[in-house]
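Written below as structure tokens is the structure these notes are about.
The values are calculated or read from the model by the stated rules, or taken from the named source; none is laboratory data. All of these numbers come straight from a predicted model, not from anything done at the bench. Here Cβ is always computed from backbone atoms with ideal geometry, including for glycine, and neighbour counts include all displayed protein chains.
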Amino acid sequence: MIIFVRKLGHSYFQPMKQYKTIFLDWDDTIGDFRYAADKALREMYVLHRLNRFFPDYDSYYSVYHEHNLSLWEKYEKQQISKTLLHFDRFYYPLSVATADMPTRVRHDIQQMAIAMGSDFLHLTSVHFRLLDGAEDAIRYLASKYPLTIVSNGFVEVQYEKVNLSGLQSCFSHIVLSEEVGAQKPNPEIFRYALLLNKCQPQDALMIGDSYPSDIQGAINAGIDQLWLTDWQPSAQTPCTYQRLHLKDAVEML
């Protein structure tokens, strides 16, 4: 098969390799995590009366989002624990908003952050949905290749999301960083997935939306990559293939 590929800022035609197995990220590759997280955070803003500390939801979210991204970067580099990430992404915005308030209030927000962490995991499952076209894409790919999920998501929610999707039978393996002890982009998690599939790096293709974890991680492991993004690959962000969504990748596989 001949496919249209964008790489290093240029466009050209390239023969499609024949792969023996496909690895896939889950959040925002198959499942619509951005949607579920937005719905959950908006509900939590009301439920926990965060308007006591922030003038509106957007003010809260801007602080939460920036800090959450920073924590995930550290978590993926194994610089912080899952427990700290899970707590501090909710505690930090509250601590900033209450910095000038009495000590009692600052103690209360610690308990609030713990409750918010629990609520977030629950509500993101409540609002779970697949990305548009993802179900058909996964079922098609599963008819042609062994599929393996390779995810940094938390164990207690990732398995639940797979179950909610109804796509359990489509996956030969589910590889989660918590269980392996290595997070994307560490090549060890990809090597573990290769071991499970009894194949070599050149036999696999990694599909994901995150350049730092999915694409760079696969590059680190010597595995070809399909980056789901509307960004143009460049010398700083090279990739083997690029498409906008998983459903758009089916034609090339």
Practice item. List the helices (runs of 4 or more DSSP H) that sit entirely inside region 32-119 and contain at least 1 residues that are outside the structural domain of residue 158 (by TED's automatic domain parsing), at pLDDT below 95 and of a type outside the set (Val, Ile, Thr). Key: 57-76, 82-97
Study note, to complete from the structure: Filtering region 195-211 down to residues that are surrounded by fewer than 22 Cβ atoms within 10 Å (Cβ to Cβ) and either at pLDDT below 95 or over 19 Å from residue 237 (Cβ atoms) (or both) yields 195, 196, 197, 198, 199, 200, 201, 202, 203
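In contact (Cβ under 8 Å) with a residue 60 or more places away in the chain and closer than 11 Å to residue 30 by Cβ: which single residue out of 123, 141 fits that description? Show your work before the answer.
Details: 123 fails: closer than 11 Å to residue 30 by Cβ.
Criteria check complete, one pass: 141.
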